[in-house]
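Enquirer: I am attaching a structure below and will ask some questions about it afterwards.
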């Protein structure tokens, strides 16, 4: 989502997919907090207003899912433990795909109990 929101001009097709219901982003409180933290990175050069505007594009089209507490153990864990939350979210929501540009998550493609795709592969599936 970071790439989709921070580089919106290149991914305009994604906004249309969200708006027309072809795609429903799945979120939880933890992933919203992570997205908020990352959008504030200085290298993205997003003002607080820009960040708020991007959330305004994203959140109305997303489905909020409550994760179980405690989270169940994962058979496959990500090299970056902070990314395990995305696997938990995809499993809990019974998502069709976990779409990511994160190399640590992509390394789990074919191993995790959810189908993990990069953005280009996912767009090809949607076509």
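Laboratory data are not the source of any read-out in this text; all were calculated from the coordinates shown. Every value quoted in this text rests on a predicted model; they were computed, and no experiment measured them. Here the Cβ positions follow ideal geometry from the backbone for every residue, glycine too, while neighbour counts run over all protein chains shown.
Enquirer: Where does each of 13, 18 land when they are ranked from fewest to most other beta-carbon atoms within 10 angstrom? Numbers along the way, then the final one.
Expert: Details: 13 11, 18 18.
Fewest-to-most ranking of 13, 18: 13, 18.
Enquirer: Round to the nearest 10 and give me the degree value, 0 to 90, for the angle of helix 48-58's Cα axis relative to the longest principal axis of the chain.
Expert: Taking the Cα atoms of the chain, the angle to 48-58 is about 60 degrees.
Enquirer: Taking Rh as the Kirkwood radius, which is the inverse of the mean 1/r over Cα pairs, what is the Rg/Rh value for segment 27-86? Mind showing how you got there, number by number?
Expert: On the way: Rg = 13.8 Å, Rh = 13.3 Å.
Rounded to two decimals, Rg/Rh equals 1.04.
Enquirer: Okay, helix-only estimate at 222 nm for the chain: each DSSP H run of n ≥ 4 adds -39500 (n - 2.57), divide by all residues, round to 500 deg cm²/dmol; what do you get?
Expert: Working: 7 runs with 57 residues, N = 127.
Here the helix-only value at 222 nm equals -12000 deg cm²/dmol.
Enquirer: Still on this structure, please answer the following. Taking neighbour counts of Cβ atoms within 10 Å as a proxy for exposure, in what order, fewest first, do 63, 30 appear? Don't skip to the end; give the middle numbers.
Expert: On the way: 63 11, 30 15.
Neighbour counts put them in this order, fewest first: 63, 30.
Enquirer: Is the shape of segment 1-113 rounded, prolate or oblate, going by the alpha carbon gyration tensor and its root eigenvalues a ≥ b ≥ c, with a/c under 1.5 for rounded and a/b larger than b/c for prolate? Provide the component values of the computation, followed by the final result.
Expert: Details: a/c = 1.67, a/b = 1.46, b/c = 1.14.
In terms of gyration-tensor shape, prolate.
Enquirer: Still on this structure, I have one more. So for 36, 47, fewest C-beta neighbours within 10 Å to most, what's the order?
Expert: Values: 36 11, 47 8.
Least to most surrounded, the residues fall as 47, 36.
Enquirer: Using Cα centres only, tell me the gap between segment 19-41 and segment 58-86 in whole Å.
Expert: Using only Cα atoms, the two centres lie 12 Å from each other.
Enquirer: Could I get the Rg over Rh figure for segment 75-127? Both from C-alpha atoms, Rh via Kirkwood, rounded to two places. Working shown, then result.
Expert: Details: Rg = 10.4 Å, Rh = 11.1 Å.
Reported Rg/Rh, Kirkwood definition of Rh: 0.94.
Enquirer: To the nearest 10 degrees, how steep is helix 84-93 against the longest Cα principal axis of the chain, on a 0 to 90 scale?
Expert: 90 degrees
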